[in-house]
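To keep things clear, I will list the structure first and then write my remarks on it.
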Amino acid sequence: MSTSSTQSQSQDAGAQPGTLATRQRRSRTGPAQHDIRWFFAFFFVSGFCALVYQVVWLRLTMAQFGVTTPVVSLVLAVFMAGLGLGCWGIGRLSHLAQGRSAAVPLRVYAVTEALIGLSAVAVPLQLAWGHGLLLSIVGDRSMSVTMHYGFSAFWIAVTLLPWCACMGATVPIAMSAIEKGFGGSRRSFSYLYLANVLGAVAGILVPAFLLIEIFGFRGTLYAAAALNFALAGAALALGGTFRRAQARGAPAGPAEGRGIRDLSPADRKLGLLWLLFATGLISLAMEVVWIRQFTPYLGTVIYAFATILAAYLVATYLGSRAYRRWIRGGDPESTGLLWMSLAFLGLLPLVTADPRLPFPTGVHVWSFLRVGIGVGAFSAAVGFLTPMLVDRWSGGDPHRAGDAYAVNVLGSVIGPLLAGFVLLPAVSERTALVLLSLPLLVIALIVVLRPAALGLARRPRYVGGRELLSLVAASVAVVTLSENFEDSVEVGALRRDATAVVIATGEGFGKRLLVNGVGMTELTPETKMMTHLPLAFLPRPPRDGIIVAFGMGTSFRSLHAWGVQASAVELVPSVVELFDYYHQDAEMLLASPRSRIVIDDGRRLLERSVDEYDVVVVDPPPPIGAAGSSLLYSKDFYDIVKRRLRPGGILQQWLSDGGDHEARASVARALVESFPHVRAFGSFRGQGLHFLASMEPIPDASPEALAARTPPEAVADLVEWGPHDTAVHQFAVTLNAEVSVEELIEAAPHMPALTDDRAVNEYYWFRHRLRDFGLR
């Protein structure tokens, strides 16, 4: 609170509480002294809604256009580009409001929030229209991957960009309202930025842990839309307050205190914009690296990704809050030390992600501690420096703030693309962080040699050549002494691509497949039975089949043993490259004219294909709650599968163990509501369920009958790894482990069928808490 504000309150305190003079004094202050808090509330709610939209739009887009790295990267890039475009565009038009009251930008702000609210209805419809248009273009022809990506990129950009631009436009609009209603504030951007980041923290945690599980994705969008419309109404009401205050001739409120040196136009070096670009690029690129770096400790469930993003946002908020306190009287030279420390702070995740740290495994709190320490310090520093740079460049001018923030967002668009498609496919996470930290060392050098480029009057007394050398020595020590997760594993083979780091490890039957440090599968007869069981139940000799999720290639190999056309689809390119590590005949099988392996999202391949199959084998990645896995368990997916099955064809859906009975019931209900005939069989080791589903009856058959239908080469493959030495015994064990599908559903009769909108297997935190308290 400023000095003039404090003096005014002191004078009011000297008057009698109920006197006319007191009321007049309070009236003359109009909305200025207290209503600025409305803007904090506006941007808290706005930040909350923005993260809700980002999370849900990403999921809706993946359901329509595929769960692939290019699609995910495109959505995030369009989202950030829209924010920057809106902030820049409206900032350029801010001069149109000159000479008008604060009520005018508040009305514009209200309209903008209302438009954002409309996106909750419009975006799902637009994505569905694009998906339908894509299918109509395909017709009865197969579509190339290039054509699919080209159309997807175009439609995603057309759909999301206008709505994201509306979100970005709210920043200069609100700054214009503050400028006109409060006499101007040179730090208005950081004030709004602080509120927005705090709202974003809630926007990532509340949907992930509560809203989506209760209301589904679309219901969560509608909840966010209701908040946007509430913001619009509140902004209109506040605008009316300003109009009435102006009609009474009330003075404008006091500007914010200015505790640090304000830059004149001559002092606003272009180096400030370069710093904004660099911090945006490096911080968002590091975020991509962090996700891959900490996945071995956090896992692949949606809550793990929410944890990393929440840690980043919480630390950013704390840094921004520290900046807001610092501007009341902080030493401008003290920022030099912070700039110098950035490079070292950016390398801290190398320490906390080191597998040799004595943190207990399997204990979530310790995994979260790894993330918090590693990510927090750097994020807090960026949270301090980013609003400081925008404030210094803009001086409260919405036009200049729009330009500065757009530059920062441009870096935030390029950063994830650079990390995901250039750095991580080529080098380790450790090397990627080192390369991203090198520009920060250059910044530290500039602090010592050319401080004026950073807006510093002279070289800070806190830094010099000795401090710089100490920083470099500490950074070198962190790099040389730390280890990656892969250094703790006996690596048989390692591959990198834009999607994942894939490690093959172990010998003999101890061989395992790790994707981003998470165990995917091992050599087990279960993966053979995924293929042999549905093929043996077919009432006719099979002609072909397709495996969704290649894994070690065991199911694909078993499909070959039936002498049929064998197809497979795998999302991670490097997984297929390790096929020969697990199977000696891999090279021969890949060279066979009966083999076809496609690198793509399995659901998307089935949808755009015109081929039909006798058997579709679906083996989603573990665990059952892995992020995005519900798109291979949903009724919407089964509608696609039905179109790809020949008459009498069978879907084999593997459901790994580890989920709760609600998730199993939801998957079983989705199958029953999609197919008239569904059966379920336990696995050899009780580690999951084989669901068989068909549009035609799946008749009872004895083990002998199934074995008789199995060709000799397939029999040899079936018994190759046991646990029994004859096909009859192998089938008998599986048939005797049949499970009633109705009983699976009755175990949780209240659960809905799993759909794209209700991802029951992925979102389970709330129901588990209810169970912990005995409420379910």
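Structure summary
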| read-out | value |
| --- | --- |
| Shape category assigned to the range 531-617 from the gyration tensor of Cα positions, a/c cut at 1.5 | oblate |
| FRET E, pair GLU612, VAL145, Förster distance 22 Å, beta-carbon r, rounded to 0.05 | 0.60 |
| For the chain, share of DSSP beta bridges that run antiparallel, in % to the nearest 5 | 60 percent |
| Relative packing of 507-514, 194-201, 151-158, 624-631, which averages over residues the other C-beta atoms within 10 Å, highest first | 194-201, 624-631, 151-158, 507-514 |
| Projected label distance in nm at LEU770 and VAL111, using a 7 Å step from Cα toward the beta-carbon | 4.4 nm |
| Mean accessible surface per residue for the chain, computed with a 1.4 Å probe while every protein chain stays in place, in Å² | 39 Å² |
| Rounded to the nearest 20 debye, dipole of the chain from Cβ charges on Lys, Arg, Asp, Glu | 4440 debye |
| Residue-span extension gain [GLN687 to SER702] - 0.36 nm each, minus C-alpha spacing | 3.1 nm |
| Positive dipole terminus of the chain, leading residue within ALA747, ALA561, PHE42 (C-beta point charges) | PHE42 |
| Mean residue ellipticity (222 nm) of the chain, computed from DSSP H runs ≥ 4 via -39,500 (n - 2.57), nearest 500 | -20500 deg cm²/dmol |
| Alpha-carbon centroids, the range 711-776 and the range 386-428: separation in whole Å | 47 Å |
| Semi-axis lengths, Å, the range 697-751, gyration tensor of Cα atoms, sqrt of 5 times eigenvalues | 29, 13, 9 |
| Proximal charge balance of MET588 [Cβ under 13 Å; K/R count +1, D/E count -1] | -1 |
| Aspartates and glutamates with Cα under 16 Å of LYS180, excluding same-chain neighbours fewer than 8 positions away | ASP35, GLU256, ASP397 |
| Computed label-point distance, nm, for sites PHE40 and ARG450 using a 7 Å Cα→Cβ extension | 3.9 nm |
| 11 Å beta-carbon shell around GLY506, net charge (K/R +1, D/E -1) | -1 |
| Estimated distance in nm for a label pair at PHE509 and LEU481, the labels positioned 7 Å out from Cα along Cα-to-Cβ | 4.4 nm |
| Helix 525-537 vs. the chain, principal-axis angle (Cα, 0 to 90°, nearest 10) | 60 degrees |
| The chain: angle of helix 661-674 to the longest principal axis, Cα-based, in degrees nearest 10 | 70 degrees |
| Which of THR146, THR300, THR531 is most accessible, then next, and so on - probe 1.4 Å | THR146, THR300, THR531 |
| Chain lengthening between ARG325 and SER136 when straightened (0.36 nm per residue, less Cα-Cα) | 62.3 nm |
| Equivalent ellipsoid, the range 673-776 (semi-axes from 5 times Cα gyration tensor eigenvalues, Å) | 34, 17, 12 |
| Reachable aspartates and glutamates from LYS642, criterion Cα separation under 18 angstrom, eight or more residues apart if same chain | ASP140, ASP544, ASP601, GLU607, ASP611, GLU612, ASP614, ASP619, GLU673, GLU696, ASP756 |
| Gyration tensor (alpha-carbon) shape descriptor, the chain, a/c threshold 1.5 | prolate |
| Residues whose placed amide H lies under 5 Å from that of ALA493, excluding near-sequence neighbours | ALA504 |
| Cα gyration tensor, the range 633-719 - rounded (a/c under 1.5), prolate or oblate | oblate |
| Protection proxy ranking, peptides 47-56, 109-118, average beta carbon neighbours within 10 Å, highest first | 47-56, 109-118 |
| Degrees between helix 270-298 axis and first principal axis of the chain (Cα, 0 to 90, nearest 10) | 30 degrees |
| R0 of 35 Å, Cβ-Cβ distance GLU490-ALA128: FRET efficiency to nearest 0.05 | 0.15 |
| Counted charge near LEU645, where neighbours are those whose Cβ lies closer than 12 Å (Asp, Glu -1; Lys, Arg +1) | -2 |
| Apportionment of accessible area to carbon and sulfur, the chain, percent (1.4 Å) | 62 percent |
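The values are calculated or read from the model by the stated rules, or taken from the named source; none is laboratory data. Keep in mind it's a predicted model, so treat the numbers as computed, not measured. For neighbour counting, all protein chains shown are included, and Cβ atoms are generated from backbone atoms with ideal geometry for every residue, glycine included. Note: areas computed on protein heavy atoms with side chains; ligands, DNA, RNA excluded. Shrake-Rupley method; radii C 1.70, N 1.55, O 1.52, S 1.80 Å.
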